[in-house]
């Protein structure tokens, strides 16, 4: 393999890896902040106690997760210079700004306040301490915003022009400059999609972990007998401690699903205008046609794993859906991959110059197999969370004294197995949007296509063995860290929150406050 | 400067190795709440470099590829060492992460030093602004001396930080080690700065910060002997700041000189972003920096306030012990 392919593999591996931890951090910091808010403002001592315990329980996992997200984020920033130096030169004047803004506006905020939150338990007034976790939640979300703004410039460059003298993209005050970059319509659509994807991850995580404990305590209570003191303690743990968290996770999943669908639909529509090739390849839609259906199963020809359209056959189709997805008009005509390819060849040339000035033939079609299936994987895996949410809601139905918990082993295992699904859906979404942009690293804006760069023109001049060395080194170190991370998260999740000792007369739990006394 | 004492404190994990994992943990706890913020400066610094000097960023990062790869790997595991060391209650687990801490202290200091040495001495850069100097050529005597100076200086700096932040026998240890480290740091530092001044500086004006750095370093010896710990720490801080001013001042107007052909050199002018982007970044800095500084200072005040309240005689370790205790009660429910 050449340096270009290796550098692409490295970017793919390190990004997907980084984005295992990031959505959980973004989503969980918000959900923990909400749980702590409920703890601080609950009048009912039982609820106050339960939310306090859950805040700490999920907070301890948030801390484990936070570190590795930061550590792998450093690599993302350095990589632009190490492997993609020519890209960095081309876009640096524009692209560096949102990254630096992320550091200044968001990264300091989340790091400093996470430290304050961790070490500040019992050292500051309850409500000020609550503000620190909110600062963390705001910081992580703000981080996502700036990174999405930077990424959106690669999908749809705005606010910049090509300087013919240097041959580089530069911020253009007459086109709105940095404000245009930060309010890019592509970013406005992608940001809610990514952030709600993070909520889905965290919501499923909350429901999955809490369900596991709820079922465990439910069954223990039944084994000990509800009339015994221990049995009652277990019963209350299931009903008052974990059940509310299960349902809270469900609410988070419902809200995120709503935002995901609305923002995803909006994204699809602007993508058909901005990057028609990406959406056509999402459907493996080869020839220009109207009334385009949405296929559920498609097989390829002999070269199914390539950019090749030959032999692509849609086996199961839902009529009109892709046309509706693109334009809201079921009869709309959509350009196919092959026609777009021919059109781009005419517009941008059949060949391009690589970094060493060699002419290289260009195919403007991304890898159809990857785009087609990652698009379906993204939506299909997210649906898993829908089932979990509905099942959890049904299993915990009822109010007050009739509030139910469940002892179903099947539900318990389904809940746990549902935890990783939104993670994979997030990864699939990123794989789709990044592979779908190929062969471009900066996709030309159809309104002003002068600012554009192909991936093969962005790579560093370093030899293949060098990139291979770093690819192997990162993969190995990341592999080891992933194992340690998983073990620590698993241990923390299995441990559960400590149970409250209730006052036998009043029924009130023993530690109703968030602060500690020395 | 800030990362400097973090690295130095991590190096002290090695010097206190024999005292066992518990003591090593105490050493690390002196930077527990601050290292994270210091690391963010490094990351934000990288992003600011990208935004303000994209050509420098691109040439430097692609040209010093393998050195940066090593640095990145160490920075990654170093973060995990900080975050995860106390998450499992086992001496073997802690000892394992302590090894990582020692590497995480020495290796980045050495790598930064070698990289800096090469930046000021210059490397071969072709007309595409690609570095053509090989890895072996990067390990030249001047750069290696630079690496050694960085290690010794940060080590001394971190040790003096410890004398400020720790109590009991560990403080004695730190004092002793500071005494031992001072002379090698002075000799190596003086040799490096003289070499730089004579061979690589573009102006005799840098003699002033060079002299300041040398004097500040020499002052560490009597200050440390008299247990003027705050002043001694201030002296190494001054030395590091003055040396940085000397290095960048002597480099000006270059940011990365090309030794093969001066025409290929990167300068402040030809490696920077457009004036418009620089203005945008300056405005952002002016607006956001005060906010960041404000809440960073507030953080320190929140923790310091407690000490005054309880009339604690030695702020450092006891405060951190209390913070640690609060943390344990909050998150480790066993």
Every listed condition ((1) at pLDDT 90 or above; (2) farther than 24 Å from residue B:287 by Cα) holds for residue A:97 save (2)
Exactly one condition in (1) closer than 22 Å to residue A:41 by Cα; (2) in contact with a helix residue (DSSP H, G or I) (Cβ under 8 Å, 6 or more places away or on another chain); (3) more than 9 Å from chain B (Cβ to nearest Cβ) is false for residue A:131; which is it? (2)
In the list A:8, A:47, which residue meets the criterion of being more than 14 Å from chain B (Cβ to nearest Cβ), at pLDDT below 95, assigned to a helix (DSSP H, G or I) and under 25 Å from the mean Cα position of the chain (by Cα)? A:8
Can you say whether residue B:217 is crowded, with 16+ Cβ neighbours inside 10 Å, within 16 Å of residue B:159 (Cα to Cα) and at pLDDT 85 or above, as far as the supplied structure shows? yes
For the stretch A:438-470, how many residues meet the condition of being assigned to a loop (DSSP other than H, G, I, E, B) and touching a residue at least 12 places away in the same chain (Cβ under 8 Å)? 15
Selection from the stretch A:458-472 of residues that are more than 9 Å from chain B (Cβ to nearest Cβ), closer than 18 Å to residue B:76 by Cβ and out of contact with any helix residue (DSSP H, G or I) (no Cβ under 6 Å at 6 or more places or on another chain): A:472
Sort out which residues of the stretch A:103-125 are in a helix (DSSP H, G or I) and within 7 Å of chain B (Cβ to nearest Cβ), and write them in order of number. A:103, A:104, A:105, A:107, A:108, A:111, A:112, A:115, A:116, A:118, A:119
Per the list (1) within 14 Å of chain A (Cβ to nearest Cβ); (2) buried (at least 18 other Cβ atoms within 10 Å of the Cβ); (3) in a helix (DSSP H, G or I), residue check on residue B:133 breaks on (3)
Here are some residues: B:280, B:255, B:292. Which one is at the interface with another protein chain (Cβ under 10 Å from one of its Cβ atoms), in contact with a strand residue (DSSP E or B) (Cβ under 8 Å, 6 or more places away or on another chain) and crowded, with 16+ Cβ neighbours inside 10 Å? B:280
Look at residue A:136 and say whether it is within 11 Å of chain B (Cβ to nearest Cβ), surrounded by 24 or more Cβ atoms within 10 Å (Cβ to Cβ) and part of a helix (DSSP H, G or I). no
Under the condition of being touching a residue at least 40 places away in the same chain (Cβ under 8 Å) and over 12 Å from residue A:474 (Cβ atoms), which residue from the stretch A:66-83 is surrounded by the most Cβ atoms within 10 Å (Cβ to Cβ)? A:68
Tally, over the stretch A:157-177, of residues that are assigned to a loop (DSSP other than H, G, I, E, B) and at the interface with chain B (Cβ under 10 Å from one of its Cβ atoms): 2
In the stretch A:311-383, which strands (runs of 3 or more DSSP E) lie fully inside it and hold 1 or more residues that are under 30 Å from residue A:421 (Cβ atoms) and either free of Cβ contacts under 8 Å to residues at least 40 places away in the same chain or over 31 Å from the mean Cα position of the chain (by Cα) (or both)? A:313-318
Scanning for something over 19 Å from residue A:10 (Cα atoms), facing chain B (nearest Cβ under 10 Å) and not in a loop (DSSP other than H, G, I, E, B), does the stretch A:477-485 turn up at least one residue? yes
Which one of A:140, A:132 is more than 14 Å from the chain's Cα centre (by Cα) and under 29 Å from residue B:299 (Cα atoms)? A:132
Checking residue B:78 against (1) touching a residue at least 24 places away in the same chain (Cβ under 8 Å); (2) more than 9 Å from chain A (Cβ to nearest Cβ); (3) in a helix (DSSP H, G or I), the condition it does not meet: (2)
Does any residue of the stretch A:257-273 turn out to be over 27 Å from residue A:425 (Cα atoms) and either surrounded by 21 or more Cβ atoms within 10 Å (Cβ to Cβ) or at pLDDT below 85 (or both)? no
Give A:145, A:90 a once-over and let me know the one that is modelled with pLDDT of 90 or more, within 10 Å of chain B (Cβ to nearest Cβ) and either assigned to a helix (DSSP H, G or I) or within 24 Å of the chain's Cα centre (by Cα) (or both). A:90
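Here's the yes/no breakdown for (1) within 7 Å of chain A (Cβ to nearest Cβ); (2) crowded, with 24+ Cβ neighbours inside 10 Å; (3) farther than 16 Å from residue A:75 by Cβ; (4) touching a residue at least 24 places away in the same chain (Cβ under 8 Å):
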| residue | (1), (2), (3), (4) |
| --- | --- |
| B:44 | yes, no, no, no |
| B:50 | yes, yes, no, no |
| B:87 | yes, no, yes, no |
| B:100 | no, no, yes, no |
Just a yes or no: is a residue in the stretch B:136-144 buried (at least 18 other Cβ atoms within 10 Å of the Cβ), touching a strand residue (DSSP E or B) at 6+ places or on another chain (Cβ under 9 Å) and in contact (Cβ under 8 Å) with a residue 24 or more places away in the chain? yes
Please state which one of A:166, A:141 is farther than 30 Å from residue B:291 by Cα and surrounded by fewer than 23 Cβ atoms within 10 Å (Cβ to Cβ). A:166
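The values are calculated or read from the model by the stated rules, or taken from the named source; none is laboratory data. It should be emphasised that the depicted structure is a prediction, and the values quoted were computed from it without experimental measurement. When we count neighbours, we look across all protein chains shown, and the Cβ atoms used for this are built from the backbone with ideal geometry, even at glycine.
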